[in-house]
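Single-structure report; data block below.
Only the coordinates and a few stated rules stand behind these numbers; no lab work does. What you are looking at is a predicted structure, and each value in this text was computed from that prediction instead of being measured. Cβ: placed from backbone, ideal geometry, glycine included. Neighbour counts: every protein chain shown.
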């Protein structure tokens, strides 16, 4: 059996500049990235947006991979055209197909180094478990959110997002770059083990399950009626208790967290707190609930199968 290629994408959002800085470095000096024998395809997700230091041009590229958007010939937004081009080049049926997609992102939120997994595909869970066993990274398991769909990695047989922050938009930070490379190398270590059938997963995978998002309080005209409370800023992954200060109103009053008003009352661990790019999406923070999944042998088998497909390139 031969080993499948891995697609590494940077600048899916054009104002997240740390990962594209790394890609340029690796293209010039491949030996600086410990790839562990995994064949990589390095791609800039949205080069036009990167050139302009903008998140996107027409629409969010990382919400442009929904099958219905890709199949609709009337949709000619530049990000949808780019999504089609990436799939034509490196999708499962592309000219240079890849089995796995690793999407490198940064955030203005204090998320540290973390992983984002969409849904519960066994190969994705195996990859996340392998990385978590190596580095202990938290995993945000995003599912069942009809308002947020069309993510890039969902169109590949296996894939996840590496998310690192905090870092301002448009800024290259050496520490963020180093954290990004550390997580990517842990992913490549996991994939190399899976490709040879030697991947051994831990007993469990700790995840933070998506439990809904919370917007700022707003006035009737849609303008914000409050800001995030200063005691909540930069406290991603730290649980909220009922009544904890959450918002700070213009008159100086605090508004507390109301767990009873949430769809999932046990979703108390906030992530993507005050992410600069999410204001347009009506998200001040997302709430999660913690769960530990038992790792299954079938997960590792599914990941190995993606990397050991007969006829896949070395």
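Does the range 184-314 classify as rounded, prolate or oblate by the C-alpha gyration tensor (a ≥ b ≥ c root eigenvalues; a/c under 1.5 gives rounded; else a/b over b/c gives prolate, otherwise oblate)? The shape class here is prolate.
In this rough spin-label picture, where each label sits 7 Å from Cα along the Cβ direction, the residue 250-residue 301 distance is 6.1 nm. Write down the percent of antiparallel bridges among all DSSP beta bridges whose residues are both part of the range 90-242, to the nearest 5. Percentage antiparallel, nearest 5: 30.
Among DSSP beta bridges whose residues both lie in the range 1-147, state the antiparallel percentage, nearest 5.
Numbers: 0 of 13 bridges.
So the antiparallel bridges in the range 1-147 amount to around 0 percent.
The alpha carbon gyration tensor of the range 1-142 gives principal lengths a ≥ b ≥ c with a/c below 1.5, which makes the shape rounded. Between helix 122-135 and the chain there is an angle of about 80 degrees, using the helix long axis and the longest principal axis of the Cα atoms. Roughly what angle does helix 174-195 make with the longest principal axis of the chain, taking Cα atoms, 0 to 90 degrees, to the nearest 10? Helix 174-195 and the main axis of the chain meet at about 50 degrees. Extension gain for residue 215 to residue 28 (0.36 nm times residue separation, less C-alpha to C-alpha distance): 63.0 nm.
For the pair residue 59 and residue 238, a Förster radius of 41 Å applied to the C-beta separation gives a FRET efficiency near 0.80, rounded to the nearest 0.05. Looking at the chain alone, DSSP beta bridges between its own residues are antiparallel in about 50 percent of cases. The range 197-243 and the range 149-166 have Cα centres separated by 18 Å.
Note that the chain, at 37 °C in a medium of 0.692 mPa s, gets a Stokes-Einstein diffusion coefficient of 163 µm²/s from its Kirkwood radius over C-alpha pairs.
Neighbour counting of Cβ atoms within 10 Å sorts the residues 107, 12, fewest neighbours leading, into 107, 12. Plainly put, the range 214-287 has a radius of gyration that is 0.93 times its Kirkwood radius, both from alpha-carbon atoms, as the Rg/Rh ratio. Helix 78-90 and the longest principal axis of the C-alpha atoms of the chain enclose an angle of approximately 30°.
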